[in-house]
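Colleague: Below you'll find the structure I mean.
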Amino acid sequence: MSTPQKARPENALEIKALRKTYPARGNEPAKEALKGVDLAIPRGSVFGLLGPNGAGKSTLINILAGLVNKTDGGVSIWGFDQDRNPRMSRASIGVVPQELHLDPFFTPFEAMEIQAGMYGVPARERRTAELLDALGLGDKMHVGARSLSGGMKRRLLIGKALAHSPPVLILDEPTAGVDIDLRRQLWDFVRRLNEDGTTIILTTHYLEEAEEMCDRIAIINHGEVIANEPKADLLSRIDRKTMTITPVDPLTDVPAILAREAALDCALGADGTLSISYSRSETTPGAILDLVRAAEIGIRDVMTQEAGLETIFLDLTH
Ligand code: ADP
Ligand code: MG
């Protein structure tokens, strides 16, 4: 059965008015984690679901994976309605969960084979060794899962999610707690999968990660989607930037000439650095540096940064 033979749908995923309320438990009140989410994820995209911790990303992913029951709304995966056609919709996605749960008693090879078996992939169609090789686990195929590092476990979970060759792969915070080298490897692997036709959905709370990997980004906050557009459009709407100046002599006050500029929001760091938050639509780095020079601040170093997620939410919700 492996890959479902539905004609290639326009959208790999369609989510309509999706709600989830976790019931009250002990002293914990009921929690409305998803408040009516609508999303259509085009086939072939690398789609980023970006949001801070607690936004509802994992709840959404776990509903797609069939691990959490939705309260209301509709989910269709690769054109298959999750309620009416649960088997085909499940066969159409592979999900890499946020938590690194693995059965310690199986080797990577065994874990992959069991997974393929659960999805009814015939032995001759299994790609166990090929996938483990591609994930850099070729030499770990037959060791106990207990001896795998965190990064190796993450890669094995990706392998398991791909064991039935689904057309859609969902990764929940794939690089949380993963070092830079491995992050690069994972990104390369995911890009190649996408080039070969797999639709990718990943969640992250890092803007840079969504920016680097995704062609389309949705932002979710407090269980609501507050933006959903092509990456370039979204980034151009993010207006706030911050310039940090390390002066030759540490500052003790924000110079008046800067403090009185309405377009700038200045703050002193404990180490005497000056950070200046500004809107790209209102001023330019050049104009700010002119003011800094006019204030007779010697510049040792200058750094500019995109706004963090919190500022972006303010930008987008205003
Ligand atoms: P994210 O993955 O974006 O960090 P989650 O989907 O894990 O967000 O959580 C969304 C909200 O739902 C949070 O307030 C979280 O505490 C709550 N939540 C998540 N899982 C459960 C659960 N099993 N029971 C009760 N509340 C939960
Ligand atoms: Mg999560």
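Colleague: Identify the single condition in (1) modelled with pLDDT of 90 or more; (2) surrounded by 11 or more Cβ atoms within 10 Å (Cβ to Cβ); (3) within 30 Å of Tyr206 (Cβ to Cβ); (4) in contact with a Ser or Thr (Cβ under 8 Å, 6 or more places away or on another chain) that Asp301 does not satisfy, given that it satisfies every other one.
Modeller: (2)
Colleague: Just a yes or no: is a residue in the range 4-26 closer than 17 Å to Asp172 by Cα, touching a strand residue (DSSP E or B) at 6+ places or on another chain (Cβ under 7 Å), within 16 Å of ligand 2 (Cβ to nearest atom) and in the same structural domain as Ile226 (by TED's automatic domain parsing)?
Modeller: So far as the range 4-26 goes, no, none of its residues is closer than 17 Å to Asp172 by Cα, touching a strand residue (DSSP E or B) at 6+ places or on another chain (Cβ under 7 Å), within 16 Å of ligand 2 (Cβ to nearest atom) and in the same structural domain as Ile226 (by TED's automatic domain parsing).
Colleague: Continuing with the same structure: With the range 226-313 as the region, which helices (runs of 4 or more DSSP H) entirely inside it contain at least 1 residues that are under 30 Å from Pro42 (Cα atoms)? Spell out how you get there, then give the answer.
Modeller: Values: elements: 231-237, 256-259, 285-294.
Because the criterion is at least 1 residues that are under 30 Å from Pro42 (Cα atoms), the helices (runs of 4 or more DSSP H) in the range 226-313 that meet it are 231-237.
Colleague: Can you tell me which residue in the range 146-189 is modelled with the highest pLDDT, limited to those that are farther than 19 Å from Ala218 by Cα and β-branched (Val, Ile, Thr)?
Modeller: Here the residue is Ile158.
Colleague: In the range 84-114, which residues are over 26 Å from the mean Cα position of the chain (by Cα) and of a type outside the set (Phe, Trp, Tyr)? I'd like the intermediate steps shown before the answer.
Modeller: Pass one, the range 84-114, residues over 26 Å from the mean Cα position of the chain (by Cα): 84-85, 87, 104-107, 109-110, 113-114.
Within the range 84-114, Arg84, Asn85, Arg87, Pro104, Thr107, Glu110, Glu113, Ile114 qualify.
Colleague: Also: In contact with a His (Cβ under 6 Å, 6 or more places away or on another chain) and either over 29 Å from Gly56 (Cα atoms) or within 16 Å of ligand 2 (Cβ to nearest atom) (or both): is that true of Thr107 in this structure? Before you say what the answer is, go through the steps one by one.
Modeller: Details: in contact with a His (Cβ under 6 Å, 6 or more places away or on another chain): yes; either over 29 Å from Gly56 (Cα atoms) or within 16 Å of ligand 2 (Cβ to nearest atom) (or both): yes.
Yes.
The values are calculated or read from the model by the stated rules, or taken from the named source; none is laboratory data. Just so you know, these numbers come straight off a predicted model, no measurement behind them. Here Cβ is always computed from backbone atoms with ideal geometry, including for glycine, and neighbour counts include all displayed protein chains.
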